[in-house]
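> Quick one: structure below, then a few questions.
The values are calculated or read from the model by the stated rules, or taken from the named source; none is laboratory data. Predicted, not measured: the structure shown is a model, and the values here were computed from it. Glycine also receives a Cβ, built like all others from the backbone with ideal geometry; neighbour counts cover every protein chain displayed.
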Amino acid sequence: MAHSTGAKPSVLFVCVHNSGRSQMAAAWLSHLADGRIEVRSAGSVPADAVNPTAVEAMREVGIDISAETPKVLDIDAVRASDVCVTMGCGDACPVFPGKRYLDWPLDDPSGRGMEEVRAIRDQIKDLVEDLIAQVSPGERRRA
């Protein structure tokens with residue numbers, strides 16, 4: 001895959017509140033890619049804090065996202081990314097030529113119980129592993 005800067009590939013995860021799905025996806029990518037991929041996440045309407053159930057679900061697999069804060073989606077983040085992965089944000093994500101866009105149809109963990117959030121977490125992990133193979137081929141690390 002061609003990278004916009006010639007450096008390591010970069011991925012932006014976008015969901016509405018940047019408090020659940022996109023935070024978990026960014027954490028999985030950071031964890032599994034071992035620094036081979038630059039990771040960003042943002043929301044079209046960011047929440048005040050990361051979903052505590054998402055924090056707990058990620059803690060169960062040894063990944064701490066408790067210090068993360070939701071960030072607002074801005075054009076510069078999209079422009080700086082090779083791949084933009086949306087998760088239920090509709091048309092809020094700006095489109096630039098030469099960028100790769102993916103949409104992952106994942107349930108929003110907001111208001112869901114731990115069992116449902118675990119299932120979403122595990123779906124995200126599988127999608128992230130596939131994404132790593134596409135944007136940074138080579139040995140994949142399994143958590």
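> Within the set of pairs 6 or more residues apart or between chains, which connect a residue that is at pLDDT below 75 inside region 82-106 to a residue that is surrounded by fewer than 18 Cβ atoms within 10 Å (Cβ to Cβ) with Cβ atoms less than 6 Å apart?
The qualifying pairs are Pro94/Ile75.
> Please determine whether any residue of region 46-67 is farther than 19 Å from Gln123 by Cα, over 12 Å from the mean Cα position of the chain (by Cα), hydroxyl-bearing (Ser, Thr, Tyr) and modelled with pLDDT under 95.
Looking through region 46-67, none of the residues is farther than 19 Å from Gln123 by Cα, over 12 Å from the mean Cα position of the chain (by Cα), hydroxyl-bearing (Ser, Thr, Tyr) and modelled with pLDDT under 95.
> If you don't mind, there's one more thing I want to ask. Among the residues in region 64-77, are any outside any loop (DSSP other than H, G, I, E, B), crowded, with 18+ Cβ neighbours inside 10 Å and among the β-branched types (Val, Ile, Thr)?
The answer is no; no qualifying residue exists.
> Given the structure, is Val11 modelled with pLDDT of 95 or more and either surrounded by fewer than 21 Cβ atoms within 10 Å (Cβ to Cβ) or touching a Lys or Arg at 6+ places or on another chain (Cβ under 9 Å) (or both)?
yes
> Would you mention how many residues in region 16-45 are modelled with pLDDT of 90 or more and either of a type in the set (Phe, Trp, Tyr) or in contact with a Cys (Cβ under 7 Å, 6 or more places away or on another chain) (or both)?
4
Condition check ((1) surrounded by 15 or more Cβ atoms within 10 Å (Cβ to Cβ); (2) not in a helix (DSSP H, G or I)) across all residues:
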{"position": "Ala47", "(1), (2)": "yes, yes"}
{"position": "Val50", "(1), (2)": "yes, yes"}
{"position": "Met58", "(1), (2)": "yes, no"}
{"position": "Gly62", "(1), (2)": "no, yes"}
{"position": "Phe96", "(1), (2)": "no, yes"}
{"position": "Asp108", "(1), (2)": "yes, yes"}
{"position": "Glu115", "(1), (2)": "no, no"}
{"position": "Asp122", "(1), (2)": "no, no"}
{"position": "Ala133", "(1), (2)": "no, no"}
